[in-house]
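Some notes on the structure that comes next.
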Amino acid sequence: MSDEPPPGMVLLTGFLTIPDHKGSAYDDFRAQIRKIMRTLRPWCKSDVPILLALDSPSAHDRAWAQSVGVNKVLNSAEPLEKIVLECTTTWQQAANSRVYQAADHVNVTMSNLMRNIRAGGLPNRQKTQIAGRIIDETIKSEGIWRWIKVISSAQELSHRHSMVMAGLAVAFLNCVGPDDKEDGLMAEACLLHDIGKALVPLSVLNKAGPLTEEEFQIMQKHSEMGHDLMLQQGEYEDILLDIARHHHERFDGKGYPDGLLGDQISQEVRVATLCDIFAALIEPRAYKLPIPPKEALAMMKRMHMRIDMSLLVIFEHWLMKIFGDFEQMALNVL
């Protein structure tokens, strides 16, 4: 059992009929349940619910089962539809809770990081590596759909954009060129792509209206400043440095800061740029309302000189495969 991946939920159905509460049969029943729980709990994560189906359990049965680690006792005598609904609801709540806990950890890490940089410090590589791995592992275990849906409903996440971008990039990179060694790095790179904004004056960074030409030039410096912060810290791989510096480059060579043209832009940067633009379009900002995903993709198709159109085609097909009908996508609640 230890070699198998942990499940999202466990349903025990082998003990539907409860023996009479008196006698050795009932003692054997409880001993078997305790033995099963001792086996299951080290294998399952603590936040994986374990359900036990029993025939007309009493309040005493429910209380005892919960005392040995069972999260919920189901009544197997109830209609199948109700049992399925209870199982589904329990599984979804547990999955959402796991995703929110992961997102909250990443959000706190990023908030502390930006605060430290504004105070004159450097990024803490160890903590951002952990945050990247958390996103990577959460996407693999819970899926990109649930990651975005949970983040979209968590209003207090101040780093929502980078977290949505990171989740999209990790999942999409697996689609266009799977490489398990780089998944955590890609998530970390997207989380850190805008850390240079910690050095942009708040009057410019948080301005509700359009930026002046001078303010825009200040804002453009964030990619170079983020890159320089990583170089000063000295522990970042090329993919992180590349995305931090070049996520605003354009396919026609008119981007910044280095004016890279076409194939001079790495595939990782192209993927990050697609996810950056898409996430920015579908989420609300101080100066705009969120744009539905279908419209966001239509807008991106008109950015012929800015992004890799061949990659955008793959990106659109991937989104349709993952999320289904665009009209039903929960992304537009960001």
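The values are calculated or read from the model by the stated rules, or taken from the named source; none is laboratory data. Note that the structure is a prediction, hence the values are computed from the model and not measured. Cβ: placed from backbone, ideal geometry, glycine included. Neighbour counts: every protein chain shown. For the accessible areas, the whole protein counts, side chains as well, though only heavy atoms, and no ligand, DNA or RNA atoms are used. Shrake-Rupley method; radii C 1.70, N 1.55, O 1.52, S 1.80 Å.
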> Tell me, what HN-Hα J-couplings in whole Hz come from the Karplus equation 6.51 cos²θ - 1.76 cosθ + 1.60 at θ = phi - 60° for each residue of region 129-141, using x for Gly and Pro?
Replying inline: 4, 4, 4, x, 5, 4, 5, 4, 5, 5, 4, 5, 8
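For region 108-171, just say rounded, prolate or oblate: build the C-alpha gyration tensor, square-root its eigenvalues into a ≥ b ≥ c, call rounded for a/c under 1.5, and beyond that prolate if a/b exceeds b/c, oblate if not.
Oblate, since a/c reaches 1.5 and b/c is not below a/b.
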>> Just to confirm the filter: which chymotrypsin sites (Phe, Trp or Tyr not before Pro) across region 215-258 are DSSP coil and have at most 10 other Cβ within 10 angstrom of their Cβ?
In response: none
> In square angstrom, rounded to the nearest 10, how much accessible surface does Trp64 have for a 1.4 Å probe?
Replying inline: 30
>> In whole percent, and with a 1.4 Å probe on the protein chains, what portion of the accessible area of region 9-121 is carbon and sulfur?
In response: 54
>> Under 10 Å, Cα contacts only: if you run a Gaussian network model on the chain, which one of Thr273, Thr13, Thr138 comes out with the highest mean-square fluctuation?
In response: Thr13
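Among the GluC sites (Glu not before Pro) within region 175-282, which fall in a DSSP loop and have no more than 16 other Cβ atoms within 10 Å of their own Cβ? Provide the component values of the computation, followed by the final result.
Values: sites: Glu182, Glu188, Glu213, Glu214, Glu215, Glu224, Glu235, Glu237, Glu249, Glu268; in loops: Glu235, Glu237, Glu249.
When the GluC sites (Glu not before Pro) of region 175-282 are filtered for loop state and at most 16 Cβ neighbours within 10 Å, Glu235, Glu237 remain.
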> What do you reckon, how do Leu211, Leu80, Leu202, Leu311 stack up by accessible area (1.4 Å probe), largest on top?
Replying inline: Leu80, Leu202, Leu211, Leu311
>> Over the Cα atoms of the chain, what radius of gyration and what Dmax do you get, in Å?
In response: 24.4, 84
> When the chain is modelled as a GNM with alpha-carbon springs shorter than 10 Å, which of Leu274, Leu199, Leu168 fluctuates the most?
Replying inline: Leu199
>> Let me spell out the model: positive unit charges on the Cβ of Lys and Arg, negative unit charges on the Cβ of Asp and Glu, origin at the Cα centre of the chain. What dipole size does that give, in debye rounded to 20?
In response: 840
> What figure in square angstrom, to the nearest 10, would you give for the accessible area of Cys87 with a 1.4 Å probe?
Replying inline: 20
>> For a quick check of understanding: with a 1.4 angstrom probe and all protein chains in place, what accessible area in square angstrom does Lys82 have, to the nearest ten?
In response: 100
> When the Debye formula is applied to the Cα atoms of region 264-317, each taken as the same point scatterer, what base-10 log of I(q)/I(0) results at q = 0.13, 0.15, 0.16, 0.20 Å⁻¹?
Replying inline: -0.31, -0.41, -0.46, -0.70
> Is region 143-302 best put as rounded, prolate or oblate by its Cα gyration tensor, with a ≥ b ≥ c the root eigenvalues, rounded for a/c under 1.5, and otherwise prolate when a/b is larger than b/c, oblate when not?
Replying inline: rounded
